[in-house]
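Below is one structure, written out as structure tokens; the observations come after it.
The values are calculated or read from the model by the stated rules, or taken from the named source; none is laboratory data. Keep in mind the model is a prediction, meaning the values are calculated, not measured. Please note: Cβ atoms are built from the backbone with ideal geometry, for glycine as well, and neighbour counts cover all protein chains shown. Surface areas here come from the heavy atoms of the whole protein model, side chains and all, with no ligands, DNA or RNA. Shrake-Rupley method; radii C 1.70, N 1.55, O 1.52, S 1.80 Å.
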Amino acid sequence: MSDEKTSNQMWGGRFASGPAAVMEAINASIGFDRKLYSQDIRGSIAHSEMLAEKGIISAEDQKAIAHGLNTILREIEDGSFSFSTRLEDIHMNVEARLAELIGPAAGRLHTARSRNDQVAVDFRLWVKEEAQRTAQALKRLIGVFLDRADEHAATVMPGFTHLQSAQPVTFGHHCMAYVEMFARDLSRVKDAIERMDESPLGAAALAGTGFPIDRQMTAKALGFREPTRNSIDSVSDRDFALEFLSIASICGIHLSRLAEEIVIWSTPQFGFVRLSDQFSTGSSIMPQKKNPDAAELIRAKTGRVNGHLIGLLTVMKGLPLAYSKDMQEDKEAVFDAAESLDLMLTAMAGMVADMTINAEAMKKAAGSGYSTATDLADWLVRVLGLPFREAHHVTGKTVALAESRKVALEKLSLAELQSIHPDITDDVFSVLTVQKSVRSRTSYGGTAPTQVRQQIRAWRKRLARA
């Protein structure tokens, strides 16, 4: 059977001739929606089993359909299946091949369903499975950060605001900030899976069907919690795709912020970390260079993922209910974003796991920029009872004195400190070193090593339950 004749039959008797070449090009989605082949075949087998169970098709036809579909699955997976753009999409390619394999019984498969609910269930299944993979990748990345945090719970480094030294923190505490961020991403993924865990199969074109189908049966067979409750919404909803893209964008932003820090930290000027050769490249002209290309590419791919979210939001924003062909543009965005996110998460986990931490460089930088000035102000409030604004003023004068002497705060003499405020005692030196500053931050969620280790233990328990 020629492709053109098959295409005409699939479209129906209303169309006397095949589509023009340009229409075929713009209409066909098989170039990308072939990725849904496994979900499409699973959905069709579940649908056929339900039709046979309800007496809508015969058991013999169902057996032939299932055998034919499993044959097609093997053909696609071994590369012998021939995809045709004239047959538009994965659904019609599979159905046409099924007709070649089993004859007229193939025509009974599409009873009580439409391509509208067929693509909705295929795509939802794919996104749900991809979200589950994303959740596992996030758990692996969180686990890597917990290990690095445990290793460096007491390793001091500068904490920054405005990329200026602010107060000393520990590298373990910094790592735990990313645990919090990626754990929120994990939470969003799990919430999204819960929301999308409904089967649209059986909604048909938009109004349901008059056949006595059992949507609970097909939902269960496909691993969904339950069927969707409104046939119009079932075929016109792409919230699950938008939500996945939204999660991917937010997660991508977290990855990009981390990538930016790695790029900065790995410069000779900072020297906080050294990336392994596995996640770096050299220069074609400068032999001394070691470029953090993996981090830079993660940073760049975030823009790509964000663009997919904006693109699909724009596609969906003006669509009337129920289905419109515009929705064909949903898949490439999600497929590419999912592939990008998976690559980003995997690369980041590897990069963080095997990068070398230069604790000495971090310690040296932690004491620069008078980073313990806030500790001095807090001591003046806590010990001398000064109002904070007065303590802030005294501390500012102390920093100015240290700058003029070109020394760190803890190198000022007691007499020099008392020249600014006579009530200062030598107890003040107990808070002026970075190690003592860090150890003093014992408030819940603070940077003190005891607090960091407490959070690590708590997160390991949470991750084990996730």
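In nanometres, what is the gap between the two model label sites at R462 and R225, each 7 Å from Cα along Cα-to-Cβ?
Calculated label separation equals 2.1 nm.
Using r as the Cβ-Cβ distance of H392 and S187, and R0 as 41 Å, what FRET efficiency do you calculate, to the nearest 0.05? Please report the intermediate quantities before stating the final value.
Numbers: r = 38 Å, r/R0 = 0.93.
After rounding to 0.05, the efficiency reads 0.60.
Can I get the semi-axes of the range 216-371's equivalent ellipsoid? Compute them from the C-alpha gyration tensor as square roots of 5 times the eigenvalues, in angstrom, largest first. Kindly include the intermediate steps, with their values, before the conclusion.
Working: eigenvalues 378, 54, 45 Å².
Working through the eigenvalues yields semi-axes of 43, 16, 15 Å.
List the pairs from K139/K220; K364/K411; K363/K461; K411/K436 whose alpha-carbon separation is above 23 Å, in the order I gave them.
K139/K220; K363/K461
Could you order the peptides 113-120, 393-400, 94-101, 416-423 from most to least packed, using the average number of other C-beta atoms within 10 Å per residue?
On the way: 113-120: 23.4, 393-400: 17.4, 94-101: 20.5, 416-423: 14.6.
Ranked by mean Cβ neighbours within 10 Å, highest first: 113-120, 94-101, 393-400, 416-423.
Would you mind working out the magnitude of the charge dipole of the range 103-186 relative to its Cα centre, with +1 at each Lys and Arg C-beta and -1 at each Asp and Glu C-beta, to the nearest 20 Debye? Intermediate values should be presented prior to the final figure.
Values: 10 positive and 9 negative charges, 109 e Å.
The dipole magnitude comes to about 520 debye.
What number comes out for accessible area per residue over the chain if the probe is 1.4 Å? Units Å², please.
Numbers: 22050 Å² over 466 residues.
With all protein chains present, the chain gives 47 Å² per residue.
Starting from the Cα-Cα distance between Q418 and V399, subtract it from 0.36 nm times their residue separation and give me the gain in nm to one decimal.
On the way: separation 19, 0.36 × 19 = 6.84 nm, distance 1.35 nm.
Full extension from Q418 to V399 adds 5.5 nm.
Quick check: at a probe of 1.4 Å, how many percent of the accessible area of the range 355-466 sits on carbon and sulfur atoms?
Here it works out to 53 percent.
Karplus couplings for the range 366-379 from phi (6.51 cos²θ - 1.76 cosθ + 1.60, θ = phi - 60°), rounded to Hz, Gly and Pro as x?
Karplus values, whole Hz, x for Gly and Pro: 4, x, 7, x, 6, 5, 9, 4, 5, 4, 5, 4, 4, 5.
Given contacts defined as C-alpha pairs under 8 Å and at least six residues apart, what's the relative contact order of the range 19-99, whole-number percent? The partial results should precede the final answer.
Details: 61 pairs, mean separation 38.8, N = 81.
Answer for the range 19-99 is 48 percent.
Cα to Cα, under 21 Å, and not fewer than 8 places away if on the same chain: which lysines meet these conditions relative to K325?
K35, K317
What's the FRET efficiency of K411 with Q132 using the Cβ-Cβ distance as r and R₀ = 41 Å, to the nearest 0.05? Mind dumping the intermediate values first?
Values: r = 56 Å, r/R0 = 1.37.
After rounding to 0.05, the efficiency reads 0.15.
Can you order the peptides 451-464, 157-170 by their average number of other Cβ atoms within 10 Å per residue, highest first?
Values: 451-464: 15.8, 157-170: 18.2.
The densest-packed peptide leads the list: 157-170, 451-464.
If I fit a long axis through the Cα atoms of helix 90-102 and take the longest principal axis of the Cα atoms of the chain, what angle between them do I get, 0 to 90°, rounded to 10?
So the helix axis and the longest Cα principal axis differ by about 40 degrees.
Give me the one-decimal nm value for the distance between modelled label points at V381 and E77, 7 Å along each residue's Cα-to-Cβ direction.
Distance between the two pseudo-spin positions: 6.4 nm.
So how much slack lies between I232 and R257, counting 0.36 nm per residue of separation and subtracting their Cα-Cα distance, in nm? Intermediate results must be reported in sequence, preceding the final value.
Values: separation 25, 0.36 × 25 = 9.00 nm, distance 4.05 nm.
So the chain would gain 4.9 nm between I232 and R257.
Over what distance in Å are the Cα centres of the range 149-206 and the range 307-335 separated?
27 Å
Using a 1.4 angstrom probe and counting only protein chains, how large is the accessible area of Y323 in Å², to 10?
Rounded to the nearest 10, that gives 70 Å².
In the chain, with Lys and Arg counted as +1 and Asp and Glu as -1 at Cβ, which of these residues, Y37, H174, A300, has the Cα nearest the positive end of the dipole, that is, farthest along it?
H174
If packing is taken as the average count of other Cβ atoms within 10 Å, what order do 202-210, 40-48 fall into, highest mean first? Could the numbers behind the result be given before it?
Working: 202-210: 18.7, 40-48: 23.7.
Put in order of decreasing packing, that is 40-48, 202-210.
Taking amide H positions as placed 1.01 Å from N in the peptide plane, with prolines and chain starts having none, which residues 5 or more places from V169, or on another chain, fall under 5 Å of its amide H?
M157, G159
Applying 1/(1 + (r/R0)^6) with R0 = 22 Å to the Cβ-Cβ distance of L313 and E339, what FRET efficiency is obtained, to the nearest 0.05?
Numbers: r = 20 Å, r/R0 = 0.90.
After rounding to 0.05, the efficiency reads 0.65.
Points 7 angstrom from Cα along the Cβ direction at E329 and E194: gap in nanometres?
3.3 nm
What does the charge add up to near I310, with Lys and Arg as +1, Asp and Glu as -1, over the other residues with Cβ less than 12 Å from its Cβ? Before the final figure, lay out the partial values.
Working: positive: R304, K317; negative: none.
Overall, the nearby charge balance is +2.
So which aspartates and glutamates pass the test for K406, namely a Cα distance under 14 Å, with those fewer than 8 places away in the same chain ruled out?
E416
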